[in-house]
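Some notes on the structure that comes next.
The values are calculated or read from the model by the stated rules, or taken from the named source; none is laboratory data. Note that the structure is predicted; figures quoted are calculated from it, not measured. Here the Cβ positions follow ideal geometry from the backbone for every residue, glycine too, while neighbour counts run over all protein chains shown. When the accessible area is computed, the model is the full protein with side chains, heavy atoms only, and any ligands, DNA or RNA have been set aside. Shrake-Rupley method; radii C 1.70, N 1.55, O 1.52, S 1.80 Å.
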Amino acid sequence: NAGVTQTPKFQVLKTGQSMTLQCAQDMNHNSMYWYRQDPGMGLRLIYYSASEGTTDKGEVPNGYNVSRLNKREFSLRLESAAPSQTSVYFCASSWTGAYTFGSGTRLTVV
Amino acid sequence: AQTVTQSQPEMSVQEAETVTLSCTYDTSESDYYLFWYKQPPSRQMILVIRQEAYKQQNATENRFSVNFQKAAKSFSLKISDSQLGDAAMYFCAYRSADLGNDMRFGAGTRLTVKP
């Protein structure tokens, strides 16, 4: 099925470990996004990419880096995980208006 | 900056009844989109309904409809004939028509449906 594929679905990290969340879309969308979801706070933008080759910071970028590898793929990297980064992470893509979301990654940092 | 406010952290409704979820937003723009997303326990974000600000007619999708009041900056979601499968978190979201901008979300409303 066409859509946004996000991996992994679950991950537990120790403080200080690094990891990369992968995201790929097959809808030929220009724009891609990474959000984090925390209880009572909705979804907050970490980074986004308006088009291939460009990335910009969102509301909560500290502790994260991103790579727009090509039009399909947009990865999110945690270089040194901290307990404050325990959250659910969503990747999304869009062409006009609405987003299509991946299924999310539940990340726990212990 | 645009902000989205959902003042009801939790709501409940009896099966087959109607419930309305509230959303207000703050913007100085005249052209934008509004959305309601549903997040069931599976965690998947599902688009329920969308409204373009330039359209005066309220959007409708089967049992879901909105009451869009542009001057009041209000965008409520009405769910008619509620079903057990409607139980979920519901997020209201705003996006500028300038598509270089991202989508802003409210904090969400958790809807419980009682059998």
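If exposed trypsin sites (Lys or Arg not before Pro) are those in a DSSP loop with at most 14 other Cβ within 10 Å, what is the longest stretch of chain B that has none? That gives B:1-54 as the longest site-free run. Taking amide H as placed 1.01 Å from N in the peptide plane, B:ALA59 has its amide H under 5 Å from the amide H of B:VAL66, each at least 5 places away in sequence or on another chain.
Pairs with C-alpha atoms separated by more than 28 Å, drawn from the list A:LYS9/B:LYS73; A:LYS9/B:LYS55; A:LYS9/A:LYS57; A:LYS9/B:LYS70; B:LYS38/B:LYS73; B:LYS38/B:LYS70, are A:LYS9/B:LYS73; A:LYS9/B:LYS55; A:LYS9/B:LYS70. Each label point was placed 7 Å from the Cα along the Cα-to-Cβ direction; for B:GLU15 and A:MET27 their separation is 3.3 nm. Result for chain B in a Gaussian network model with C-alpha springs under 10 Å: among B:ASN58, B:ASN101, B:ASN67, the largest mean-square fluctuation is at B:ASN101. Each pair of Cα atoms in the range B:1-87 enters the Kirkwood radius, and Stokes-Einstein at 25 °C and 0.890 mPa s then converts it into a translational diffusion coefficient of 177 µm²/s.
Dimensions of the range A:39-88 based on its C-alpha atoms, expressed as ranges along the principal axes with the largest first, amount to 31, 23, 16 Å. For the range B:41-115, the square roots of the Cα gyration tensor eigenvalues, ordered a ≥ b ≥ c, give a/c of at least 1.5 with a/b no greater than b/c, which places it in the oblate category. Taking the chain by itself as reference, the range A:28-68 contains these residues with an accessible-area loss of 40 Å² or more in the full protein complex (1.4 Å probe, heavy atoms): A:GLN37, A:LEU43. The largest-to-smallest principal axis extents of the Cα set in the range A:7-110 are 38, 28, 23 Å. Computed with every protein chain present, the accessible area of B:ASP81 is close to 80 Å² [probe 1.4 Å].
Computed over the alpha-carbon pairs of the protein assembly as shown, the distance histogram in 10 Å steps reads 8, 33, 35, 20, 5, 0 percent, short to long.
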